[in-house]
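What follows is a short report on a single structure.
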Amino acid sequence: MRTSSTLLLFLLIFTKTMTAQTVSQVTDPVEYVNVLMGTDSKPSLSNGNTYPAIALPWGMNFWMPQTGRMGDGWTYTYAADKIRGFKQTHQPSPWMNDYGQFAIMPVTGKIRFDENERASWFSHKSEIAKPYYYKVYLADHNVTTEIAPTERAARFRFTFPQTDSSSVVIDALDKGSFIKIIPGENKIIGYTTKNSGGVPDNFKNYFVLIFDKPFAHRTVFRGKQPESQLLELQADHVGAVVGFKTRKGEVVNVRVASSFISPEQAELNLNEIGPDPFETVAQKAKAAWNKELSRIKIEGGTVDQTRTFYSCLYRSLLFPRKFYEIDASKKVVHYSPYNGKVLPGYLFTDTGFWDTFRSLFPFLNLMYPTLNAQMQEGLVNAYKEGGWLPEWASPGLRNTMIGSNSASIVADAYLKGLRGYDINTLYEAVLKNSENEGPLDAVGRRGVQYYNKLGYVPYDVKINENAARTLEYAYADFTIYQLAKALKRPQAEIDRFAKRSQNYRNLFDSATGLMRGKNQDGTFQKPFNPFKWGDAFTEGNSWHYTWSVFHDVQGLIGLMGGPKNFVAKLDSVFTLPPVFDESYYGSVIHEIREMQIADMGNYAHGNQPIQHMIYLYNYAGAPWKTQYWVRETMNRLYLPTPDGYCGDEDNGQTSAWYVFSALGFYPVCPGTDQYVLGAPLFKKATLQLENGKKLIINAPTNSEKNRYVDAVKVNGKPYAANWLSHQALLQGGTVEFTMRPTPNQQRGTQPSAFPYSFSNEKR
């Protein structure tokens with residue numbers, strides 16, 4: 001017994017030592033990525049709602065093991081114990097579900113097409129999951145599956161046992177599909193139409209698979225019914241099973257690609273693999289990931305912090321995905337999910353601007369400006385083809401979330417120096433949004449006539465989430481104001497958006513010090529419960545949305561009675577109990593549950609509206625409180641584990657928050673040049689900027705205890721402000737933080753140190 005206790009104590013000490021061990025140098029960052037981070041999720045509780053995306057950065061096609069049933073948005077969950085197939089996926093989130101999807105599955109024994117019958121037990125102990133390579137042992141079939149991706153294709157490698165009944169299932173799924181077996185070429189072609197919306201009537205994803213072994217037998221399926229006499233079939237749900245006699249350990253290789261344009265283009269996309277063997281494809285994919293991940297090299301964090309950082313960086317480099325292809329003449333072309341035509345130029349998709357305007361797109365503007373310029377060109381094409389900017393694209397217009405946050409995406413990119421695309425057309429698009437409702441609630445601005453006339457969207461006109469819409473429209477108007485100035489638009493136009501940017505004031509209730517829905521007659525909605533989720537707000541309550549004045553924090557401070565009251569109000573978010581009113585939804589939605597269990601009061605980091613709030617202490621002379629809560633949030637709510645997020649990861653937004661925060665600054669207000677200071681997590685971070693310059697962030701005295709900033713130097717000179725300039729960072733150089741274990745309550749306390757606010761702008 002004593003021996004067992006001693007051994008247990010040793011193991012605990014060893015484990016703690018290993019996780020606390022610092023990483024002095026990262027030379028192979030992709031090996032720190034855990035693609036399973038966030039996969040231990042379910043509809044009632046999101047720990048990320050992610051899946052292991054086996055893909056290239058921003059790749060058109062992702063691959064993943066499929067544990068869920070066909071059509072289930074929770075396609076891979078860590079707690080599952082069976083795999084039904086390996087699916088090509090374009091799913092941005094379980095709530096949006098999938099499109100352009102089909103599944104491949106090796107089996108042995110009797111021919112099985114049905115997803116439940118072909119499913120196999122598996123264990124995470126026999127699973128290797130990396131961005132560039134996936135491997136798993138399928139116990140029921142005694143088969144090992146491996147995957148290596150390219151942007152639009154992939155190589156599969158199946159290792160079979162000795163049997164005359166080895167098979168591979170190709171499931172084109174339901175809702176309309178086609179399959180054709182071409183035995184003489186060891187080839188299968190087909191298409192799938194299964195989708196969740198946002199596509200024209202002619203939508204198809206064409207696929208091609210080429211095997212390196214002749215088929216010993218083949219069968220096409222109509223649903224569960226085999227059609228062994230046929231080689232091709234078109235129906236609601238079709239697929240195929242091809243089989244082989246195999247020796248023990250025999251490997252069957254499959255090259256697979258797809259296209260949204262045509263079967264011929266799918267064959268062209270196979271050229272991404274060319275003659276490369278499996279190992280070469282995997283190594284090229286690994287090199288592609290290391291190239292992008294190495295843009296930021298961190299030093300001096302623990303193993304877990306390093307894993308968390310690169311896992312979050314990986315998630316920040318997946319969406320929006322490329323939705324374009326390279327044709328036979330090497331030109332960039334795309335199938336338009338807006339009008340169904342094949343057209344020239346870039347297109348990207350699978351992102352919701354309500355989430356990603358906050359930090360994901362600012363991150364791209366800092367680290368990947370050329371790529372984001374292509375994304376802006378894609379937005380030009382989307383507007384021309386669909387008539388509106390897509391607020392949530394998957395792959396075309398989807399009717400979810402609120403606001404016209406495309407204005408922020410467009411303005412921030414241009415104001416931070418991105419060029420080479422038609423900014424005037426994009427400005428026309430944001431102007432159209434500012435005056436019109438769209439064909440869907442989530443396109444254009446719902447309630448815009450009220451907003452432009454009254455200065456807010458009323459509570460009592462049957463427009464849901466009206467207060468949230470008002471606040472987000474006001475911020476969008478600020479970004480249009482900024483862009484209008486840069487484009488030298490007429491002064492009357494500039495003034496119009498400057499005035500509208502102040503509409504947030506119309507919802508401030510001085511009696512409660514919070515934002516509140518307002519009726520058409522100018523009275524506030526009654527009764528008012530600031531803990532009520534939804535109703536006037538979007539996936540949050542008044543305590544969360546009151547801070548959505550990104551562009552004029554000083555204006556909000558003035559409404560609250562000054563800095564002291566403002567800081568006390570910020571503090572209250574963390575000291576309040578995690579109480580809530582879920583009556584608007586009729587049940588406790590997962591975002592509420594994630595706030596409740598986080599033990600951070602009413603702070604709901606698992607959802608986007610409040611993620612910037614921690615940084616607002618910098619505007620009121622208490623930057624040390626930002627430093628404390630940023631470190632608390634990183635330490636407590638992010639881990640490199642299957643339950644490693646505290647809510648939906650949301651297409652890189654929650655991950656980009658961590659990446660920025662770990663570096664020591666955050667873009668509170670996209671559409672301005674500033675990043676607001678927090679406190680770095682690592683002793684050193686080196687950012688390789690696209691222009692060839694290096695930005696080095698040094699914090700040599702950083703530690704678990706030393707979380708507070710004592711002093712800052714920029715290029716060796718003392719720096720007093722609570723923000724850093726984007727343009728200055730692009731010049732490279734060194735930002736040095738001196739860290740300490742107790743707050744420095746002198747630095748950053750004067751108004752001259754505070755970040756930008758519209759109310760302080762000299763006009």
Next on the checklist: Is it the case, given these coordinates, that residue 50 is open to solvent by 10 Å² or more (accessible area, probe 1.4 Å) and in a loop (DSSP other than H, G, I, E, B)?
Outcome noted: yes
Next on the checklist: Just checking, does region 419-434 include any residue being touching a Ser or Thr at 6+ places or on another chain (Cβ under 6 Å) and farther than 20 Å from residue 356 by Cα?
Outcome noted: no
Checklist entry - Quick check: anything in region 709-721 touching a residue at least 60 places away in the same chain (Cβ under 8 Å), in contact with a Pro (Cβ under 6 Å, 6 or more places away or on another chain) and either closer than 23 Å to residue 616 by Cβ or not polar (S, T, N, Q) (or both)? => result no
Checklist entry - Which residues, counting only those in region 174-202, are farther than 19 Å from residue 234 by Cβ and free of Cβ contacts under 8 Å to residues at least 24 places away in the same chain? => result 184
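Please count how many residues of region 140-158 are among the acidic types (Asp, Glu) and part of a strand (DSSP E or B).
Keep residues of region 140-158 that are among the acidic types (Asp, Glu), which gives 140, 146, 151.
Then keep just the ones that are part of a strand (DSSP E or B); that gives 146.
Residues flagged as among the acidic types (Asp, Glu) and part of a strand (DSSP E or B) within region 140-158 amount to 1.
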Next on the checklist: Yes or no: region 610-619 includes at least one residue that is farther than 20 Å from residue 39 by Cα, crowded, with 23+ Cβ neighbours inside 10 Å, among the aromatic types (Phe, Trp, Tyr) and touching a Pro at 6+ places or on another chain (Cβ under 7 Å).
Outcome noted: yes
Checklist outcome for this item: Residue count, region 649-685, condition touching an Asp or Glu at 6+ places or on another chain (Cβ under 8 Å) and open to solvent by 10 Å² or more (accessible area, probe 1.4 Å), comes to 3
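Quick one: which strands (runs of 3 or more DSSP E) sit completely within region 203-243 and have at least 1 residues that are in contact (Cβ under 8 Å) with a residue 12 or more places away in the chain, open to solvent by 40 Å² or more (accessible area, probe 1.4 Å) and farther than 25 Å from residue 152 by Cα?
Per the criteria, 217-222, 225-227.
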Next on the checklist: Of everything in region 184-195, what is closer than 19 Å to residue 87 by Cα and surrounded by fewer than 18 Cβ atoms within 10 Å (Cβ to Cβ)? Give them in sequence order.
Outcome noted: 187
Item to check | residue 576, sole failed condition from (1) of a type in the set (A, V, I, L, M, F, W, C); (2) more than 25 Å from the chain's Cα centre (by Cα); (3) closer than 20 Å to residue 314 by Cβ | outcome: (3)
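Let's see how each residue does on (1) open to solvent by less than 10 Å² (accessible area, probe 1.4 Å); (2) closer than 22 Å to residue 130 by Cβ; (3) in a strand (DSSP E or B); (4) without any contact (Cβ under 8 Å) to a residue 40 or more places away in the chain:
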{"site": "60", "(1), (2), (3), (4)": "yes, yes, no, no"}
{"site": "63", "(1), (2), (3), (4)": "yes, yes, yes, no"}
{"site": "86", "(1), (2), (3), (4)": "yes, yes, yes, no"}
{"site": "111", "(1), (2), (3), (4)": "no, no, no, no"}
Checklist entry - Are there any pairs, at least 6 apart or on different chains, whose C-beta atoms fall under 7 Å, with the first in region 595-614 and more than 17 Å from residue 531 (Cβ to Cβ) and the second of a type in the set (Asp, Glu), and if so, which? => result 608/355; 608/650
Checklist outcome for this item: Within region 412-446, restricting to residues that are within 17 Å of residue 500 (Cβ to Cβ) and not in a helix (DSSP H, G or I), the one that is most open to solvent (accessible area, probe 1.4 Å) is 437
Item to check | Qualifying positions in region 649-668 - part of a loop (DSSP other than H, G, I, E, B) and in contact with a His (Cβ under 8 Å, 6 or more places away or on another chain) | outcome: 668
Checklist entry - Of (1) more than 34 Å from the chain's Cα centre (by Cα); (2) within 21 Å of residue 186 (Cβ to Cβ), residue 277 satisfies all except one. Which? => result (1)
Next on the checklist: Every residue in region 244-293 that is within 22 Å of residue 54 (Cα to Cα), part of a strand (DSSP E or B) and not basic (Lys, Arg), please.
Outcome noted: 251, 252, 253, 254, 256, 257, 258, 259
Checklist entry - Does region 351-395 hold any residues that are surrounded by fewer than 24 Cβ atoms within 10 Å (Cβ to Cβ) and basic (Lys, Arg), and which are they? => result 384
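Working only within region 340-379, note down all residues that are polar (S, T, N, Q) and either more than 26 Å from residue 261 (Cβ to Cβ) or without any contact (Cβ under 8 Å) to a residue 24 or more places away in the chain (or both).
If the condition is that a residue be polar (S, T, N, Q) and either more than 26 Å from residue 261 (Cβ to Cβ) or without any contact (Cβ under 8 Å) to a residue 24 or more places away in the chain (or both), then 356, 359, 365 are the ones that fit.
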Checklist entry - Hey, among 115, 151, which residue is among the acidic types (Asp, Glu), under 25 Å from residue 224 (Cα atoms) and crowded, with 19+ Cβ neighbours inside 10 Å? => result 115
Item to check | Members of region 592-609 that are of a type in the set (Asp, Glu) and open to solvent by 20 Å² or more (accessible area, probe 1.4 Å) | outcome: 599
Item to check | Filter pass, residue 493 being open to solvent by less than 10 Å² (accessible area, probe 1.4 Å) and among the acidic types (Asp, Glu) | outcome: no
Checklist outcome for this item: Here the residues within region 298-315 that are open to solvent by 10 Å² or more (accessible area, probe 1.4 Å) and either touching a helix residue (DSSP H, G or I) at 6+ places or on another chain (Cβ under 7 Å) or β-branched (Val, Ile, Thr) (or both) are 302, 303, 304, 307, 315
Checklist entry - Has region 724-735 got any residue that is hydroxyl-bearing (Ser, Thr, Tyr) and under 28 Å from residue 408 (Cα atoms)? => result yes
Checklist outcome for this item: From the option list 160, 211, 215, 156, single residue qualifying as aromatic (Phe, Trp, Tyr), under 25 Å from residue 62 (Cβ atoms), more than 32 Å from the chain's Cα centre (by Cα) and modelled with pLDDT of 95 or more is 211
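The values are calculated or read from the model by the stated rules, or taken from the named source; none is laboratory data. Here the structure is a predicted model, which means the values were calculated and not measured. Glycine also receives a Cβ, built like all others from the backbone with ideal geometry; neighbour counts cover every protein chain displayed. What goes into the accessible areas is simple: the full protein's heavy atoms, side chains included, and nothing from ligands, DNA or RNA. Shrake-Rupley method; radii C 1.70, N 1.55, O 1.52, S 1.80 Å.
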